Amino acid sequence: MADQLALSVNGASHLVSASPDTPLLYVLRNELKLSGPRMGCGIAQCGACAVLVDGAEVRSCIAPLSSVAGKQVTTIEGLAQVWAQKKGLGETEAASTLHPVQQAWIDEQVPQCGYCQSGMIIAAVELLDRNQNPTLPEIKDAFTNKPPSPHLCRCGTYAAIIDAVQLAAKTMNA
Amino acid sequence: MVVKTDRSGFSITPTLTRRGFVTLGGALGGGLFVSLQFPALSGIAAQVEPASTTSHLVSWLEIRQDNTILVRTGRTEIGTGMSAYYAQVIAEELCVQPESITLLMGDTDSTPDGGYSAGLLSGAANLRKVGAYTYQALLGLAADKLSVPVSALSVTDGVVSAAGKSFRYGELVQDQQLDLKIPVSGAPPKVDPTSGIGIAGLDGLVVLGDPPTKPVSQYKVVGKSHPMPGIPGKVTGKTQWSCDVILPGMLHARMVRPATLGSTLISVGALDKTRFPTAQVITKQNLVAVLSPNEWEAVSAARSVASATKWTEWSGLPGSENLTQTLRAYKWGAPSQSRGKAADVNTALAHASRTISATYEQPYIKHAPIGPFVAVADVRADGTATVWTHSANSQGLRAQIANTLSVPIEKVVVRWLDHAGQFGRTTFGGDGAEGDAAILSQLTGKPVRVQWTLQEDLAWSASSPGWVEDITCSLDGRGCVTTLRSAFYSLQSTDARIVGAILAGMPCSQSKPGYWIATEWAYDKIENRLEEAYGMPNLGADSPTTGLRGNIMRTPGQRQQNFALESLMNEAASCAGIDPIQFRLLHTTDQRLIDIIHATARAAAWEPRPAPHPGARRTGVQPLNGRGVAIMIRENSYWMGIAEVEVTPETGVVRVTKFTLGLDCGKIINPRQLERCMKSGVVMGVSEALKEELVFDKGKITSTSWSRYKILTMAEMPEVKVVQLSRDDKGFGGGSEGANAVCPPAIAAAFFDATGVHARRIPLTPAYVTTLLKGQPPVRS
């Protein structure tokens, strides 16, 4: 049942041995040892497993491996690199620079437990990619009404997330 | 060092000695190791000294010659910022920066103290003393080295200076191995199933004595918004979470759960080896699991096996819609706890000219973490067991696992790693996937990782039980409350049994039914009061397996009882025609409460008037606005909340538009982390007030996904305004939980303000609100 499938994750190509129906999340975590995306609900209802596929948010807990063949997958482990490429940063600067969204999450001290924050960061990166200056209602809308489900945080860090998205927008536009 | 004596009269002198017998590897060389000493007191069972006390591994604190400081605590970071607070508290006493401290948390083989992780006050009190004892020892070393009296020394950021010379702490301990023994009391963890929670206590070891601590007025570290240490790792993917543990030869397991909470196994579905060649099924009584080296194969095979597995049907639950009726029908004996003067209160109420009575209630709710339970266990043939967990009580879990596996507790090691917030469900060390993993590892002889699904977590983890409270008060001529009587009825709320052990028929801790009075009394002007709490066993506790297990959740007991008390105070204020804030001020002389009430009211621009609003009505398509208040005293903290809501009678939709939350928790350790805790707590409180309700039929929980168990989303979050009052003279207070408890009564009061209809049950769902607005007779304004 296991096939050899080519996969591009965080800029690197991988050949993984897995059945094509395996959800991407299991491959990222168990085969590629990327623990950023996390198992939440397993049914695309919470957002903890979110990754970017060709820049668009995808819930990796239900996305079969076959659906990402030939596409670029980005997890939070690869965000700094995405930013460095976008800004054309040199090697030294790139090594010490986080993606502004991640930096904003630190500067604003967002986590409570932090379990959902990987998915929240992915959603924020996607939002700021299509809307450089989101208003408060637009931020709330993006984290709540965008299919397939709201991004849920049980600790209740929504206010901190909003602060961080706004800070990141400011840095990215600077 | 000064010999001090604690209140019980025994000597609690810390001792500083050179230890020749410890071999330290690597470049660390010398250091000061702070370890524990149980005072020699006869006749106290707690005097058992852990065998490993003399090992540097269990030291509480280490000052190393490279100037690094390692602090070990059995407490853990549960998201509320303990890792920042603890480091700040101990850094303050040591006169160093918190960044120089590395915290090692939660592992039972390398932390000394145990205890549950929500206990900031006991945890911080311990670390403050550990720091203070160590600081005195360091001063002594410096005075010797500099040949000056201690009073001549000054210390800044870990550098001791006198007479023109300076030494860093690392230099004071260089090439020596110094052992500072500090006095502690408490019981080492033990297996005691009859304790109800499997361990001896929640606070772990307690540091004794009264070492000189730094005056609050000189604080430089406590009170500043230092960052929480773990955040960079969490946002870059570097943190190792408990779900990330992978061991060589490890099997992934998925559990096949019974059809209902009391089902027994009839037959296990066949495993199709052609489709799932490396999977296997393990069964022990009613515990059924599918294991595979490949996680996705375990998931797929478990689904296939589950669909063909047969269980008996059980129907020992009343159905969630009949919960109140069930509580009412129960034959209650004496209250499990009672506080107040029964005879005086009953007489006063019998003769009162004016009384108000009401009944308040709430259904079962869930802790509902975003990450379901997950655990890894490695149980060896020699009986040793290592369990990787995110429990909030590592030593409690260790005792639970030892009990279930029937191995000595010394053979069990629990390693703690970050994971999703638990909100109290692992306070007693039980529940969770750890039991499943340990049992399966013992049966297979291999390391096993068990990942619960969300559905399984919502259906099989313990729940915060529903409750009903009857409350009555008498009013004097001015409308003030003179006498108050309350009776709180709920179910088992300390069931720490491990699901896997129950299903497998293996030894479990034993739960004690009963409930407790959790309110801290705010209204000293109400002279006569009687509070009673009654607890019944789990729903369906007659079943051969589990029934509906109950366990505590954030601000336990007080969240529920404060809802009833504050709701009644709001009703009484309305009856008296007095503004609800003014009404509270009429019932207290506690200056801290008065101050936080005023500060919060100012921040919310509160204009006094009685509730309900003159324009209150119960029909129409136009939204109505209302506002309400609630207060709470908890763990040396004073809370005040003001809710502003919008109610649309036609649809029954309630929105909380703004919440102003005030808090005086004594000396604030970290204003920014506290603000995050307060704002986050409001989200959970609003969620509970508007949305959360666990639904079950006669045999099982049916709200088993996020579309059926709804929690607050970002778009539903109100604007939150936070007011903090820090006090230098009142010690530390609890601020990490508590916010959630202040929200529901304030929101219910705001609903009344808008509609003139009392909301005596939460959640205020559109369906319930619609019934309420159609049914209850209107209150005259």
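Answer yes or no: is there a residue in the range A:90-106 that is over 26 Å from B:R672 (Cα atoms) and within 11 Å of chain B (Cβ to nearest Cβ). Within the range A:90-106, not a single residue is over 26 Å from B:R672 (Cα atoms) and within 11 Å of chain B (Cβ to nearest Cβ). I'm checking my understanding of the structure. Among residues of the range A:6-30 that are within 10 Å of another protein chain (Cβ to nearest Cβ) and free of Cβ contacts under 8 Å to residues at least 12 places away in the same chain, which one is farthest from A:G55 (Cα to Cα)? Out of the qualifying residues, it is A:N30. A count restricted to the range B:71-100 and to residues that are more than 14 Å from chain A (Cβ to nearest Cβ), aliphatic (A, V, I, L, M) and under 21 Å from B:R676 (Cβ atoms) stands at 3. With respect to B:A715, determine if the residue is more than 26 Å from A:D141 (Cα to Cα), part of a helix (DSSP H, G or I) and touching a Ser or Thr at 6+ places or on another chain (Cβ under 8 Å). No; evaluated as a whole, the condition is false for this residue. Within the range B:594-604, is even one residue in contact (Cβ under 8 Å) with a residue 24 or more places away in the chain and in a loop (DSSP other than H, G, I, E, B)? Yes, the conditions are met somewhere in the range B:594-604.
Of the residues that sit in the range B:276-297 and are away from every other protein chain (no Cβ under 14 Å) and over 26 Å from B:D697 (Cβ atoms), which one is surrounded by the most Cβ atoms within 10 Å (Cβ to Cβ)? Reasoning before the result, please.
Our first condition is that a residue be away from every other protein chain (no Cβ under 14 Å); within the range B:276-297, this holds for B:280-291.
Subset that is over 26 Å from B:D697 (Cβ atoms): B:280-284, B:290-291.
Numbers: B:Q280: 16, B:V281: 18, B:I282: 19, B:T283: 15, B:K284: 17, B:V290: 28, B:L291: 26.
Ranking the qualifying residues of the range B:276-297, first place goes to B:V290.
The listed residues are B:A459, B:A437, B:A533, and the only one of them that is modelled with pLDDT of 95 or more, of a type in the set (A, V, I, L, M) and more than 30 Å from B:V414 (Cβ to Cβ) turns out to be B:A533. Scanning the range B:129-172 for residues being more than 30 Å from B:S185 (Cα to Cα), polar (S, T, N, Q) and within 39 Å of the chain's Cα centre (by Cα) gives a total of 1. Per this entry, B:S161 is not counted among residues that are at positive phi, of a type in the set (S, T, Y) and at pLDDT 90 or above. Just one of the numbered conditions (1) surrounded by fewer than 22 Cβ atoms within 10 Å (Cβ to Cβ); (2) not assigned by TED's automatic domain parsing to the domain that holds B:K284 is not true of B:E410: (2). So, B:A124, is that one within 37 Å of the chain's Cα centre (by Cα), buried (at least 21 other Cβ atoms within 10 Å of the Cβ) and either touching a residue at least 12 places away in the same chain (Cβ under 8 Å) or over 26 Å from B:G733 (Cβ atoms) (or both) or not? Yes: the conditions hold for B:A124. Residues that are in contact with a strand residue (DSSP E or B) (Cβ under 9 Å, 6 or more places away or on another chain), more than 21 Å from B:T239 (Cβ to Cβ) and not aliphatic (A, V, I, L, M) within the range B:396-426 comprise B:G396, B:R398, B:Q400, B:N403, B:K411, B:G424, B:R425, listed in sequence order.
Can you pull out the residues in the range B:246-275 that are crowded, with 21+ Cβ neighbours inside 10 Å, in a loop (DSSP other than H, G, I, E, B) and of a type in the set (V, I, T)?
Within the range B:246-275, just B:T260 meets the criteria.
Just one of the listed residues (B:V159, B:V89) is surrounded by 21 or more Cβ atoms within 10 Å (Cβ to Cβ) and of a type in the set (A, V, I, L, M, F, W, C), and it is B:V89.
Evaluating B:Q400 against the criteria (1) out of contact with any Ser or Thr (no Cβ under 7 Å at 6 or more places or on another chain); (2) under 24 Å from B:I701 (Cβ atoms); (3) more than 13 Å from chain A (Cβ to nearest Cβ) leaves one unmet condition, (1). Is it true that B:E527 is at pLDDT 95 or above and among the acidic types (D, E)? Against the criterion (at pLDDT 95 or above and among the acidic types (D, E)), B:E527 does not qualify. With the structure loaded, tell me whether B:G424 is closer than 15 Å to B:R254 by Cα, touching a residue at least 40 places away in the same chain (Cβ under 8 Å) and either among the basic types (K, R) or part of a loop (DSSP other than H, G, I, E, B) (or both) or whether it fails that test. No; evaluated as a whole, the condition is false for this residue.
The set of residues in the range B:686-733 that are free of Cβ contacts under 8 Å to residues at least 60 places away in the same chain and buried (at least 18 other Cβ atoms within 10 Å of the Cβ) comprises B:S687, B:K710, B:L712, B:T713, B:M714, B:M717. Counted as qualifying within the range B:136-222 are the strands (runs of 3 or more DSSP E) with 3 or more residues that are touching a Lys or Arg at 6+ places or on another chain (Cβ under 9 Å), namely B:177-185. B:T482 falls short on exactly one of the conditions (1) buried (at least 22 other Cβ atoms within 10 Å of the Cβ); (2) assigned by TED's automatic domain parsing to the domain that holds B:A348; (3) farther than 24 Å from B:I642 by Cα, and that condition is (1). Only one of the numbered conditions (1) closer than 30 Å to B:G123 by Cβ; (2) more than 23 Å from the chain's Cα centre (by Cα) is not met by B:E719, and that is (1). The residues of the range A:35-67 that are over 12 Å from the mean Cα position of the chain (by Cα), more than 8 Å from chain B (Cβ to nearest Cβ), surrounded by fewer than 22 Cβ atoms within 10 Å (Cβ to Cβ) and part of a loop (DSSP other than H, G, I, E, B), listed by number, are A:A44, A:I62, A:A63.
Look at A:A168 and say whether it is within 11 Å of chain B (Cβ to nearest Cβ), farther than 17 Å from B:K238 by Cβ and within 16 Å of the chain's Cα centre (by Cα). No. Here are some conditions: (1) in contact with a strand residue (DSSP E or B) (Cβ under 7 Å, 6 or more places away or on another chain); (2) away from every other protein chain (no Cβ under 13 Å); (3) surrounded by fewer than 18 Cβ atoms within 10 Å (Cβ to Cβ). A:N131 meets all but one. Which one does it not meet? (1) is the only condition that A:N131 fails. Residues in the range B:734-767 that are at pLDDT 95 or above and of a type in the set (D, E): B:D753 alone.
Taken together, B:L16, B:L61 contain a single residue that is more than 31 Å from the chain's Cα centre (by Cα), surrounded by 15 or more Cβ atoms within 10 Å (Cβ to Cβ) and at pLDDT 50 or above, which is B:L16. Select from the range B:289-314 the residues that are in contact with a strand residue (DSSP E or B) (Cβ under 6 Å, 6 or more places away or on another chain) and in contact (Cβ under 8 Å) with a residue 60 or more places away in the chain and list them in ascending order. Hits for the range B:289-314 are B:A289, B:L291, B:E295. With the structure loaded, tell me whether B:S307 is within 11 Å of another protein chain (Cβ to nearest Cβ) and either in a helix (DSSP H, G or I) or over 23 Å from B:V374 (Cα atoms) (or both) or whether it fails that test. In short, no.
The values are calculated or read from the model by the stated rules, or taken from the named source; none is laboratory data. As the structure is a computational prediction, the values presented were derived from the model and not from experiment. Heads up, the Cβs are rebuilt from the backbone with ideal geometry, glycines too, and the neighbour counts pull from every protein chain shown.
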